[in-house]
Amino acid sequence: MTISPTFCASAALVLACCLMGRPVLAHDVSAHSTQGHTLHEHAQTRSQTRSPATSGTGTDARTPGELIQAHSRTGDDSLLEIARLRVEKNARVGSPASLLHQAWIAQAEHRFADARELLAEVLEQQPGNGQAWLLEASVAQVAGQRSAARRACAHVAGSVSPDAAMTCFARLADTPAEKKAAYARLRALDAWDADPRLRAWRWSVRADLARDVGELDAAESDFYRSLAAVPAVQTRASLMDLLLEQQRCDEALQLSAQNEPVPALAVRRLLAQQCRGEETGEREAALHALFQHWIAAGDYRHAREMAMFYLDIRRDPELAFQVASKNARLQREPEDLALLRRAAQAI
């Protein structure tokens with residue numbers, strides 16, 4: 001089974017998302033007990049009818065940072081809309097915290113140039129803002145600007161910690177030799193950060209590297225460790241990819257809810273169900289209708305999953321190539337270019 005790259009941006013966002021809100025308490029996540037229900041308590045799809053004005057002024061009293069953190073756990077895009085309204089109502093809209101929230105929302109919506117402009121404003125006011133440097137490293141990497149990403153990682157050493165900088169640089173490893181060396185360096189780190197968010201990020205990056213160098217058991221263990229510290233949706237999607245690559249369809253299925261609303265997990269759930277020989281026509285038709293609606297609206301925030309859907313599930317290579325091309329113009333990581341090549345070969 002061929003699996004497309006994980007959604008969202010780089011694994012560095014596991015950290016960047018969660019640093020926007022209050023700390024996440026660690027809890028147990030195991031292959032047999034995780035059903036995904038706690039991760040999607042507020043999940044909705046963009047096809048549902050919402051009133052932004054009501055959403056922004058309703059009973060939800062969470063701060064923009066807490067809403068962003070909840071988005072990283074649930075994948076609920078409506079939370080970003082509420083967060084944006086909260087930021088706009090903030091009297092200190094030009095403050096570093098407000099600009100940082102706006103930058104995170106911009107990158108989540110694939111407005112990467114806007115995100116970097118906002119981050120530049122943050123860093124002009126606060127040159128030592130570690131959250132801004134971490135997000136800048138991640139956004140620059142997604143945009144394919146490796147030199148800028150490396151400069152940002154260098155600033156992480158002083159603004160966060162040398163270990164965090166090592167993790168940041170490890171995420172930029174490209175060639176097999178670089179990945180092997182980066183994986184060895186992360187494995188050699190004895191001390192683990194007390195902050196569960198920093199631990200989750202390092203485990204997620206280390207899991208990606210372990211998978212890429214062929215250490216699949218180690219990758220699986222680190223993905224589960226990362227999820228136990230911070231249950232981010234993108235980490236869950238990465239773990240599902242790893243299990244599907246090994247034809248462990250039952251275990252992959254356990255990592256998503258029955259009526260999964262998050263596209264990144266819903267597409268992978270369909271792959272797991274097809275792997276098990278289940279009938280998926282009704283759910284497939286529903287996702288197709290949703291994706292067609294987004295394409296008509298010019299909304300390509302979930303382009304990776306949409307391309308995967310039309311390449312591996314709906315089997316429409318021309319549409320898959322169209323969507324993958326749009327995605328590659330927005331995101332320039334190696335995974336995005338590999339997806340585009342695979343779509344081109346399928347035509």
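Structural remarks
- Pick from the range 318-339, criterion among the aliphatic types (A, V, I, L, M) and free of Cβ contacts under 8 Å to residues at least 60 places away in the same chain, ranking: surrounded by the fewest Cβ atoms within 10 Å (Cβ to Cβ): Leu337
- Among the candidates Arg150, Arg202, residue that is among the basic types (Lys, Arg), assigned to a helix (DSSP H, G or I) and either farther than 25 Å from Ile68 by Cα or in contact (Cβ under 8 Å) with a residue 40 or more places away in the chain (or both): Arg150
- Residue among Val262, Val230 that is modelled with pLDDT under 95 and touching an Asp or Glu at 6+ places or on another chain (Cβ under 9 Å): Val262
- Selection within the range 100-147: residues that are assigned to a loop (DSSP other than H, G, I, E, B) and closer than 25 Å to Leu79 by Cβ. The member of this set that is farthest from the chain's Cα centre (by Cα) is Asn129.
- Counted residues, the range 287-301 - those being touching a residue at least 60 places away in the same chain (Cβ under 8 Å) and buried (at least 16 other Cβ atoms within 10 Å of the Cβ): 5
- Criterion (touching a residue at least 60 places away in the same chain (Cβ under 8 Å), part of a helix (DSSP H, G or I) and not assigned by TED's automatic domain parsing to the domain that holds Ala320) met by exactly one of Ala272, Ala257, Ala228, Ala218: Ala228
- Flag if Asp250 is acidic (Asp, Glu) and crowded, with 17+ Cβ neighbours inside 10 Å: no
- Matching entry among His101, His110 (being in contact (Cβ under 8 Å) with a residue 12 or more places away in the chain, in contact with a Lys or Arg (Cβ under 7 Å, 6 or more places away or on another chain) and surrounded by 14 or more Cβ atoms within 10 Å (Cβ to Cβ)): His110
- Conditions (1) surrounded by fewer than 22 Cβ atoms within 10 Å (Cβ to Cβ); (2) at pLDDT below 95; (3) part of a helix (DSSP H, G or I): number failed by Ala177: (2)
- Checking Ala152 against (1) surrounded by fewer than 18 Cβ atoms within 10 Å (Cβ to Cβ); (2) at pLDDT 95 or above; (3) more than 21 Å from Arg329 (Cα to Cα), the condition it does not meet: (1)
- Note on the range 153-184: residues that are touching a helix residue (DSSP H, G or I) at 6+ places or on another chain (Cβ under 6 Å) and free of Cβ contacts under 8 Å to residues at least 12 places away in the same chain total 1.
- Set side by side, the residues Arg315, Arg304, Arg283, Arg342 differ, and just one is charged (D, E, K, R), surrounded by fewer than 16 Cβ atoms within 10 Å (Cβ to Cβ) and outside the structural domain of Asp174 (by TED's automatic domain parsing), which is Arg315.
- Looking across the range 327-342 at every residue that is charged (D, E, K, R) and under 15 Å from Gly144 (Cα atoms), the one that is farthest from the chain's Cα centre (by Cα) is identified as Arg329.
The values are calculated or read from the model by the stated rules, or taken from the named source; none is laboratory data. No experiment lies behind these values; they were computed from the predicted model shown. Cβ: placed from backbone, ideal geometry, glycine included. Neighbour counts: every protein chain shown.
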